[in-house]
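Heads up: the structure comes next, in structure tokens.
The values are calculated or read from the model by the stated rules, or taken from the named source; none is laboratory data. Since this is a predicted model, take the numbers as computed values, not measurements. Please note: Cβ atoms are built from the backbone with ideal geometry, for glycine as well, and neighbour counts cover all protein chains shown.
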Amino acid sequence: MDAETNALLADWDLPFGLPPFGQILAHQFKPALELAMGQHRDQVQSIATNPSLPDFENTVEALDRAGDRLGRIEAVFHGLGASFTSPELQAIQREMAAPVAAHWSAVYQDAALFARLDEVHRQRATLALTPEQQRLVERLHRDCVRAGAQLAPEPRARFAQIQQLLAQLNTRFGQNVLLDESSFNLPLPDAAAQAGLPDFLLAAARQAAADRKLGEVPVITLSRSLIVPFLSFSTRRDLREQAWAAWVGRGEQAGPSDNRGVAAQILRLRQEQAQLLGHAHYAELNLVDTMARTTDRVWALLDEVWQRAMPALERERALLQQAMAEAGAPGPIEPWDWRFWAERVRQTRFALDEADIKPYFALPNMVAAVFDCAERLFGLRFSRRDDLQAYHPDVVPYEVSDRSGMAIGLFLHDNFGRPEKRSGAWMSALRWQHRNTGAGQPPTLPVIVNNNNFAKAAPGEPTLLSLDDVRTLFHEFGHGLHGLLSDVGYVRLSGTKVLRDFVELPSQLFEHWGEERGVLRKHARHHLTGQAIPEAVMDRMEAARKFGSAYETMRYAASAIVDMAAHERAEPIDDLVAFEARVMAERGLPREVGMNHRLPHFQHLFSGSGYAAGYYVYLWAEVLDADAYEAFVEAGNPFDAAVAERLMRCIYSRGDSVEPGAAYRAFRGRDARLEPMLRGRGLMD
């Protein structure tokens, strides 16, 4: 199969190097990956056997540039697998997981290549390198060391074998979660089943049924944009319990989608990897390459927040119990009751009804809001490119230009949930920005994708977002800006390829503009009347903002604690569910609160290794983002030009070309302080 019969192997001559999605077929991926891996091996061999003495250009820069075609094909492969999969594509993912992992192990463990890289690394301080070039040497060297390049032959081979096994297990874990999510539907056939549900939720449930070709009866799926409002509004306690059980039970049921053994096996293999590299456990191995550095620092942050959140949670619980008593509702509060009674407290105590707020948050208006904020902060313009075809009709392409009108990248906005798409929200890249393209070649501009899973409205109707949805939209767009604004020389240092507990800073920081009154006055307009959101409503939103924070904090921290506990354990975990329950019982997590993610469906940990022993990073980054936003507060303007310029120059555009702590200090003039985060969560005494 060649370029004439395989679109993945052709030259992609669309603007920005956009893949020709209309011509790409699932069966093309295997031969395309095999050919691209072969080309990459040849490139690596050429570098490794270069007769010239190793230097930055012929070894480090050449290694960063190698594998461009493979990187492009892999990006499409993984992107479609997450956003628009099919049974055929899933089968190829399972088949190719081990060979692709083996290929990358062979690259990073290549003895001759590492010997050259190691020599440049040893001499890096004497080679007159720029700070960015020295950073590239250090990052590539660390990548190889963490892949087992310094191990003796036998353990090195075992490390590579484990990588292949993990790739297969990660793929299986994610596909199992998707199977559980796509196969669950809770029908709402009559008025009794629909009791308490607002019109916006019923409309979204009808569209969910239509999208799944289930007829006209509304259905609740496990999409967060459906399940959370259902748990908040449905007066049918029995149906809330049924929906809750399905939501928290993903990956835990006996049968083909059972993830309990899969996750336990992943943990055992990671522990073996850690020991091969000389670490006591996987958490220690993972944290070496983070801002936190040690498990002690992670536990100190988690413990501090947990201890502050517990009394705040008791105050929230008291309000819920009071509301139940006044309504004559039987207790005790069950996990499927908490959001329902919290919504009642919000309505009575703060006069804030989610059903009354959502009409002001139509998706098109909120997309305009994130674009407007990006323009006011960084001078970016987003222009629709309806002439370009993405991988699904719902995906909208935008050309992105800077203040001078020069194009800097392409942005694909994929906002709606669908059965072929995994849950959650994420940013990815089809191409990374860099200038390491070879002599005479233009720089590569980024192609960035934002994925959300909002419940789509019926044709002709606007999709209305909850406040949680708005926060997610701004969050993922912050990641998108991190990719689009990247201005570095090398692929390895581009965009979001930063330390894991730094990567959430640009995203979480951008959430703050979604709460700014000036932004809401301009963009939060009633989808029928065009009326701006009333000041009184924003007053109530602000007053209610911290209510429920303890509940969300405990749920997040519980998942982060279980993650750390599982990856800090040297002994095998035979019963994952019992282990999770034991850790939470020791911590005193109230049963009715629950966790953000339970281990059998915790994709952050087990669909890949990115957040393994690292789910704490959202809290770590929140310390940074709360402190960073204070710079705008101190300036007296959320769009202060000087602060925004410094933010773009020091954070959003730097990728991993600067050590994160130094990058933050360059922006803020000091290290971050904890107090703004605690105040923001309502956890200050």
Quiz item: Under 6 Å by Cβ, and 6 or more places apart or on different chains, what pairs join a residue from segment 647-666 that is surrounded by 19 or more Cβ atoms within 10 Å (Cβ to Cβ) with one that is hydroxyl-bearing (Ser, Thr, Tyr)?
Solution: GLY655/SER486; GLY655/SER494
Quiz prompt | Any strands (runs of 3 or more DSSP E) falling wholly within segment 366-441 and containing at least 1 residues that are more than 29 Å from SER607 (Cβ to Cβ) and of a type outside the set (A, V, I, L, M, F, W, C) | solution = 381-384, 396-401
Practice problem: May I ask you to verify whether ASP199 is more than 27 Å from the chain's Cα centre (by Cα) and surrounded by fewer than 21 Cβ atoms within 10 Å (Cβ to Cβ)? | Solution: yes
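This table checks each residue for (1) in contact (Cβ under 8 Å) with a residue 24 or more places away in the chain; (2) surrounded by 16 or more Cβ atoms within 10 Å (Cβ to Cβ); (3) within 28 Å of ARG681 (Cβ to Cβ).
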site	(1), (2), (3)
PRO311	no, no, yes
GLY328	no, no, no
GLY331	no, no, yes
GLU343	yes, yes, yes
ALA368	yes, no, no
GLU375	no, no, no
ASP387	no, no, no
Quiz prompt | Of residues in segment 151-175 being surrounded by fewer than 18 Cβ atoms within 10 Å (Cβ to Cβ) and either in contact with a Phe, Trp or Tyr (Cβ under 8 Å, 6 or more places away or on another chain) or among the small types (Gly, Ala, Ser) (or both), the one farthest from ARG94 (Cα to Cα) | solution = ALA152
Quiz item: Any chance segment 409-422 includes a residue that's at positive phi, surrounded by fewer than 19 Cβ atoms within 10 Å (Cβ to Cβ) and at pLDDT below 95?
Solution: no
Quiz prompt | Condition check for GLY71: under 25 Å from GLN43 (Cα atoms) and modelled with pLDDT of 95 or more | solution = yes
Quiz prompt | Test for ARG94: is it of a type outside the set (A, V, I, L, M), surrounded by 17 or more Cβ atoms within 10 Å (Cβ to Cβ) and assigned to a helix (DSSP H, G or I) | solution = no
Exercise. Within segment 65-85, identify whether any single residue is surrounded by 18 or more Cβ atoms within 10 Å (Cβ to Cβ), of a type outside the set (Val, Ile, Thr) and touching a Gly at 6+ places or on another chain (Cβ under 6 Å), and answer yes or no.
Key: no
Exercise. Select from segment 528-541 the residues that are touching a residue at least 24 places away in the same chain (Cβ under 8 Å) and within 18 Å of THR348 (Cβ to Cβ) and list them in ascending order.
Key: VAL537, ARG540, MET541
Self-check item: Some residue of segment 455-463 being crowded, with 24+ Cβ neighbours inside 10 Å and under 24 Å from THR171 (Cα atoms)
Solution: no
Practice problem: For THR59, state whether it is touching a residue at least 60 places away in the same chain (Cβ under 8 Å) and buried (at least 19 other Cβ atoms within 10 Å of the Cβ). | Solution: yes
Practice problem: Of all residues in segment 610-628, count the ones that are among the small types (Gly, Ala, Ser), modelled with pLDDT of 95 or more and outside any helix (DSSP H, G or I). | Solution: 3
Quiz item: Quick one: GLU630 ticks every box in (1) buried (at least 20 other Cβ atoms within 10 Å of the Cβ); (2) touching a residue at least 24 places away in the same chain (Cβ under 8 Å) bar one, so which box is it?
Solution: (1)
Self-check item: Residue that is at negative phi and more than 22 Å from the chain's Cα centre (by Cα), where the choices are ALA149, ALA75
Solution: ALA149
Self-check item: Number of the exception - MET310 against (1) within 30 Å of GLU354 (Cβ to Cβ); (2) within 22 Å of the chain's Cα centre (by Cα); (3) of a type in the set (A, V, I, L, M, F, W, C)
Solution: (2)
Quiz item: Taking helices (runs of 4 or more DSSP H) that fall entirely within segment 214-282, which contain at least 1 residues that are without any contact (Cβ under 8 Å) to a residue 24 or more places away in the chain and in contact with a Phe, Trp or Tyr (Cβ under 7 Å, 6 or more places away or on another chain)?
Solution: 224-233, 260-276
Quiz item: Looking only at residues in segment 14-28 that are more than 22 Å from LEU410 (Cβ to Cβ) and surrounded by 16 or more Cβ atoms within 10 Å (Cβ to Cβ), which one is nearest to the chain's Cα centre (by Cα)?
Solution: ALA26
Exercise. Quickly run through segment 481-527 and pick out the residues that are farther than 24 Å from ALA613 by Cβ and not in a helix (DSSP H, G or I).
Key: LEU485, SER486, ASP487, VAL488, GLY489, TYR490, SER494, GLU516, ALA524, ARG525, HIS526, HIS527
Practice problem: Report the residue count in segment 446-478 for those that are among the aliphatic types (A, V, I, L, M), under 11 Å from GLU511 (Cβ atoms) and in contact with a strand residue (DSSP E or B) (Cβ under 6 Å, 6 or more places away or on another chain). | Solution: 0
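For (1) under 28 Å from ARG135 (Cα atoms); (2) modelled with pLDDT of 95 or more; (3) of a type in the set (A, V, I, L, M, F, W, C); (4) in a helix (DSSP H, G or I), each residue gets a yes or a no:
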| residue | (1), (2), (3), (4) |
| --- | --- |
| PHE16 | yes, yes, yes, yes |
| GLY22 | no, yes, no, yes |
| PHE29 | no, yes, yes, yes |
| SER52 | yes, yes, no, no |
| GLY79 | no, yes, no, yes |
Exercise. Could you list all residues from segment 445-470 that are within 21 Å of the chain's Cα centre (by Cα) and not in a strand (DSSP E or B)?
Key: PRO446, ALA455, LYS456, LEU465, SER466, LEU467, ASP468, ASP469, VAL470
Self-check item: Filtered residues of segment 341-390 (kept if under 25 Å from the mean Cα position of the chain (by Cα) and acidic (Asp, Glu))
Solution: ASP372, GLU375
Practice problem: Restrict the check to segment 546-566 and report whether at least one residue is over 30 Å from ALA254 (Cα atoms) and more than 23 Å from the chain's Cα centre (by Cα). | Solution: yes
Quiz item: Quick check, is ARG582 within 21 Å of the chain's Cα centre (by Cα), in a helix (DSSP H, G or I) and surrounded by fewer than 21 Cβ atoms within 10 Å (Cβ to Cβ)?
Solution: no
